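Inspection log for the structure reproduced underneath, given as structure tokens.
The values are calculated or read from the model by the stated rules, or taken from the named source; none is laboratory data. These figures come from a predicted structure and were not determined experimentally. Positions of Cβ are backbone-derived with ideal geometry, glycine not excepted, and every protein chain shown enters the neighbour counts. Keep in mind that these areas ignore ligands, DNA and RNA; they rest on the heavy atoms of the full protein, side chains included. Shrake-Rupley method; radii C 1.70, N 1.55, O 1.52, S 1.80 Å.
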Amino acid sequence: MRIFIDSANIEEIKDINAMGFLAGVTTNPSLVAKEKRDYREVIREICAIVEGPISAEVIAQDYTGMMQEAEMLAGIHPNVVIKIAMTEDGLKVIRDLRQKGIKTNATLIFSATQALLAARAGASYVSPFLGRVDDTANDGLILLEDIMTIFNQFTLDTEVIAASIRHPVHVLQAARIGSHIATVPYKIIKQMIKHPLTDAGIQKFLQDWQEAFQ
Ligand code: G3P
């Protein structure tokens with residue numbers, strides 16, 4: 001499973017990218033709004049930092065508006081993937097962008113049948129929102145499992161991005177289930193790196209060394 005960061009914060013992205021495992025970035029309107037910066041500028045900077053797919057979401061929800069925004073965003077860098085919400089117009093946009101050679105990420109996926117339709121329309125990625133499913137007292141991991149079963153059964157080339165990750169166990173379970181990608185917030189990546197036994201082990205090695213040689 002590849003690891004993306006779910007962030008529009010340049011410092012967070014630089015920090016994680018320097019560690020060598022980052023394979024891409026996803027953003028959404030809420031994440032970009034937190035930065036209070038020009039949208040295109042943020043996407044351009046991210047593309048210059050990370051080598052891999054960078055998802056940028058359209059704000060418009062009508063077909064024409066989505067197509068215009070998508071073409072503008074796709075023009076920023078060849079690695080930009082257009083994030084489109086799963087709606088009727090969204091599916092039309094996914095199909096037409098596919099025909100133009102522009103990659104898409106179908107977002108706000110809450111059912112396996114939505115994922116199947118988006119994949120059949122030509123989405124390069126689908127993003128089931130695990131945490132938001134959990135918030136409704138349903139199990140986001142069952143949704144992910146269903147999507148993986150269906151996609152593997154019919155050898156669809158659409159990749160699955162486990163999104164709305166709320167804790168490291170979501171990442172562990174997504175990898176077990178066979179998700180192609182998990183997009184993980186900065187704070188959770190940091191939690192994944194740390195382990196109290198690693199810290200205690202470093203302390204003990206240092207202490208033993210100092211006792212023997214200093
Ligand atoms: O980028 C989409 C998704 O990861 C959002 O997560 O925590 O706002 O549900 P969250």
Of the residues in region 97-129, those that are among the polar types (S, T, N, Q), closer than 21 Å to Asn152 by Cα and open to solvent by 60 Å² or more (accessible area, probe 1.4 Å) number 1
Examine region 48-61 for a residue that is crowded, with 20+ Cβ neighbours inside 10 Å and assigned to a helix (DSSP H, G or I), and state whether such a residue exists. no
Does region 62-76 hold any residues that are open to solvent by less than 60 Å² (accessible area, probe 1.4 Å) and not acidic (Asp, Glu), and which are they? Gly65, Met66, Met67, Ala70, Leu73, Ala74, Ile76
First in region 158-170 and in contact (Cβ under 8 Å) with a residue 40 or more places away in the chain, second anywhere and open to solvent by 10 Å² or more (accessible area, probe 1.4 Å) and near the ligand (Cβ under 9 Å from one of its atoms), Cβ under 6 Å, 6 or more apart: Ala163/Phe129
Could you list all residues from region 1-20 that are open to solvent by 70 Å² or more (accessible area, probe 1.4 Å) and either within 23 Å of Met148 (Cα to Cα) or at pLDDT below 95 (or both)? Met1, Arg2
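Filter region 130-148 down to the residues that are within 9 Å of the ligand (Cβ to nearest atom) and open to solvent by less than 20 Å² (accessible area, probe 1.4 Å), then identify the one that is nearest to Arg2 (Cα to Cα).
Ranking the qualifying residues of region 130-148, first place goes to Leu130.
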Take the conditions in contact with a strand residue (DSSP E or B) (Cβ under 6 Å, 6 or more places away or on another chain), at pLDDT 95 or above and surrounded by 14 or more Cβ atoms within 10 Å (Cβ to Cβ) and apply them to Ile94. Does it pass? yes
Scan region 34-47 residue by residue and report those that are open to solvent by 80 Å² or more (accessible area, probe 1.4 Å) and either away from the ligand (no atom under 16 Å from the Cβ) or assigned to a loop (DSSP other than H, G, I, E, B) (or both). Lys36, Arg37, Asp38, Arg40, Arg44
Of all residues making up region 108-133, the number that are assigned to a strand (DSSP E or B) and more than 14 Å from Ile165 (Cα to Cα): 2
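Please list, ordered by residue number, the helices (runs of 4 or more DSSP H) wholly in region 160-214 having 2 or more residues that are closer than 22 Å to Ile13 by Cα and open to solvent by less than 40 Å² (accessible area, probe 1.4 Å).
On the way: elements: 168-177, 186-193, 196-213.
It comes to 168-177, 186-193.
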Given (1) within 16 Å of the ligand (Cβ to nearest atom); (2) crowded, with 16+ Cβ neighbours inside 10 Å; (3) not in a helix (DSSP H, G or I), identify the lone condition not met by Leu156. (1)
